[in-house]
Amino acid sequence: MKKKETRSTDEVLKILTLSVKQVLDAATRTEITYSPVIQKINKTCLQPDIGCFVLFDGGFSGLVIINFSQAAAMELYHDYMTSMGMPEEELATLFTSDDVSNVLGELTNQIIGNFQVEVKRKLRTSIKQNQPKMIVVNKDIMISINTPIDKPQYRKVSFETANHRPFYVEIAMEKTEFIDLFPVEEDKVFDIDSMFT
């Protein structure tokens with residue numbers, strides 16, 4: 001008898017990692033890269049220069065944080081806006097600009113939206129999110145989920161923009177396992193490029 005396949009928190013993070021890459025590749029028309037290893041961390045923090053966080057719940061609960069350096073934030077903002085046809089002279093020049101935060105907030109919203117679709121497709125469970133919040137920060141701010149989660153799991157993945165500027169994705173979620181009771185066929189893959197055409 002075939003052993004049932006078990007997937008865990010790290011499988012969820014893999015899905016999130018691919019959502020980050022797919023959305024940002026398509027939005028900026030550049031190549032976003034990520035570390036092949038996942039870091040286990042002890043807490044989640046908003047870190048300088050721009051931090052974004054979003055809560056999700058449903059089939060499982062958690063928190064996603066994306067921390068952008070000033071340089072990474074400006075590069076992603078620039079590449080996204082110019083790919084949408086915005087003239088260079090009309091772009092914001094300061095990372096503290098509302099335009100930059102709004103664009104990163106929108107991209108984060110698209111990332112989590114794609115993540116929801118992929119969780120449904122691959123794990124056959126549903127999650128819902130709140131509206132992402134963007135904050136310009138000059139020091140680390142610890143952030144946690146205000147719900148009684150038993151044995152929270154904390155993970156971090158390092159990313160780089162096309163010009164090798166770092167940013168980081170952190171996730172905190174309840175410890176959970178997904179065990180295949182029956183063979184599961186994945187639904188059709190969502191075409192991420194259709195969001196930007």
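The values are calculated or read from the model by the stated rules, or taken from the named source; none is laboratory data. Values in this document were obtained by computation on a predicted structure and should not be read as measured data. Cβ coordinates were reconstructed from backbone atoms using ideal geometry, including for glycine residues, and neighbour counts include every protein chain displayed. Protein only, heavy atoms only, side chains kept; ligands, DNA and RNA dropped before computing areas. Shrake-Rupley method; radii C 1.70, N 1.55, O 1.52, S 1.80 Å.
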Among the residues of segment 25-43, is any touching a helix residue (DSSP H, G or I) at 6+ places or on another chain (Cβ under 7 Å) and closer than 24 Å to residue 173 by Cα? yes
Checked segment 164-182 for anything more than 19 Å from residue 143 (Cβ to Cβ) and in a strand (DSSP E or B); matches are 166, 178, 179
Subset of segment 35-67, residues open to solvent by 40 Å² or more (accessible area, probe 1.4 Å), outside any loop (DSSP other than H, G, I, E, B) and over 16 Å from residue 157 (Cα atoms), comes to 55, 57, 58
Inspect all residues belonging to segment 75-94 and state whether any of them is under 30 Å from residue 175 (Cα atoms) and modelled with pLDDT of 90 or more.
no
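Part of a helix (DSSP H, G or I), acidic (Asp, Glu) and either touching a Gly at 6+ places or on another chain (Cβ under 8 Å) or free of Cβ contacts under 8 Å to residues at least 60 places away in the same chain (or both): does that describe residue 106?
For residue 106, the condition - part of a helix (DSSP H, G or I), acidic (Asp, Glu) and either touching a Gly at 6+ places or on another chain (Cβ under 8 Å) or free of Cβ contacts under 8 Å to residues at least 60 places away in the same chain (or both) - is met.
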Sole miss for residue 141 among (1) within 19 Å of residue 171 (Cα to Cα); (2) open to solvent by 70 Å² or more (accessible area, probe 1.4 Å); (3) modelled with pLDDT of 90 or more is condition (3)
Original post:
Going by the structure shown, is residue 96 out of contact with any Lys or Arg (no Cβ under 9 Å at 6 or more places or on another chain), open to solvent by 40 Å² or more (accessible area, probe 1.4 Å), in a loop (DSSP other than H, G, I, E, B) and of a type in the set (Ser, Thr, Tyr)?
Top reply: yes
Query raised in the report: Do the conditions hold for residue 113, that is, is it out of contact with any Cys (no Cβ under 9 Å at 6 or more places or on another chain), closer than 29 Å to residue 175 by Cα and small (Gly, Ala, Ser)?
Result: yes
Scan segment 26-34 and give yes if some residue there is open to solvent by 30 Å² or more (accessible area, probe 1.4 Å), without any contact (Cβ under 8 Å) to a residue 60 or more places away in the chain and assigned to a helix (DSSP H, G or I), otherwise no.
-> no
Condition set of a type outside the set (Gly, Ala, Ser) and modelled with pLDDT under 80, scope segment 2-22, selection nearest to the chain's Cα centre (by Cα): answer is 7
On the given criteria, is residue 80 in contact with a helix residue (DSSP H, G or I) (Cβ under 6 Å, 6 or more places away or on another chain) and either assigned to a helix (DSSP H, G or I) or not basic (Lys, Arg) (or both)? yes
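Output the residues belonging to segment 56-90 that are among the β-branched types (Val, Ile, Thr) and out of contact with any Gly (no Cβ under 7 Å at 6 or more places or on another chain).
Let us first name the residues in segment 56-90 that are among the β-branched types (Val, Ile, Thr), namely 64-66, 82.
The answer is 64, 66, 82.
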Looking across segment 109-126 at residues that are aliphatic (A, V, I, L, M) and either more than 15 Å from residue 178 (Cβ to Cβ) or under 14 Å from the mean Cα position of the chain (by Cα) (or both), the single one that is most open to solvent (accessible area, probe 1.4 Å) is 117
